[in-house]
Amino acid sequence: MKKLTTTFLLFALVGCSAPYQKPQSGDTAILMLPEIDGSSTRTFHIGKLDGNGCAIRPSRVKEESYSQKGLVHVPAGEDFFLSVRSRSNKTFCKGSAAMNLEKDKTYDPIILSFSSYCAIRIIEKTEGEKGKTIDTRPLYSGCIKK
């Protein structure tokens, strides 16, 4: 019972966490994320990685996280993670990926759904060219597999 209560409290606190806010200082890149509304079946979290490559301090992307329509500023030149949970056609998937993006560039995350797992592919947006796929590292149990 004690474990169940602790688990419930942990999930409740994560659900009530402050919305993601763009970095207050340092270089940023832009992720083109679908805008979130109250009826969305897809949620995104962005957070930092600790020295062991494990996810810490995830913040949920909410309406107030966008700098303008569909654009979210993220740290550039340092590792961070993006996670997604998606529900459609009776399927539910979740996945996370760590990445390090270049400053002042724009990226489009492509979410690929495989049964209960979502893969995240990041495409660098370039003028008049096909976008370049950026290397990402999937997180397993919240950490980069070494």
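The largest accessible area among Arg121, Arg57, Arg42 belongs to the first residue in Arg57, Arg121, Arg42, and the rest follow in falling order (1.4 Å probe, all chains).
The listed residues Ser59, Ser25 rank as Ser25, Ser59 when sorted by accessible area, largest first, using a 1.4 Å probe. A prolate overall shape is assigned to region 84-136, the ratio a/c of its alpha-carbon gyration tensor axes (a ≥ b ≥ c) being 1.5 or greater and a/b exceeding b/c. About its Cα centre, region 25-130 has a charge dipole of approximately 600 debye under the convention of +1 per Lys or Arg Cβ and -1 per Asp or Glu Cβ, with nothing else charged. Per-residue extension of 0.36 nm, minus the Cα-Cα distance of Phe114 and Arg57, leaves a gain of 17.9 nm for this segment.
Accessible area, 1.4 Å probe, largest first: how do Met32, Met99 sort?
Solvent-accessible surface, decreasing: Met32, Met99.
Each label was represented as a point 7 Å from its Cα along the Cα-to-Cβ direction; for Phe92 and Arg42 these points are 1.9 nm apart. With the crude spin-label approximation of a point 7 Å out along Cα→Cβ, what separation in nm comes out for Glu102 versus Lys125? Reported label-point gap for Glu102 and Lys125 is 1.6 nm.
Please label the shape of region 39-146 as rounded, prolate or oblate, based on the square roots a ≥ b ≥ c of the eigenvalues of the alpha-carbon gyration tensor (a/c under 1.5 means rounded; beyond that, a/b larger than b/c means prolate, else oblate). It is rounded, given that a/c, with a ≥ b ≥ c, falls under 1.5.
The values are calculated or read from the model by the stated rules, or taken from the named source; none is laboratory data. Note that the coordinates shown come from a computational prediction; the quantities given were computed from them, not determined experimentally. Here Cβ is always computed from backbone atoms with ideal geometry, including for glycine, and neighbour counts include all displayed protein chains. Accessible surface is based on the protein model in full, side chains and every heavy atom, while ligands, DNA and RNA are left aside. Shrake-Rupley method; radii C 1.70, N 1.55, O 1.52, S 1.80 Å.
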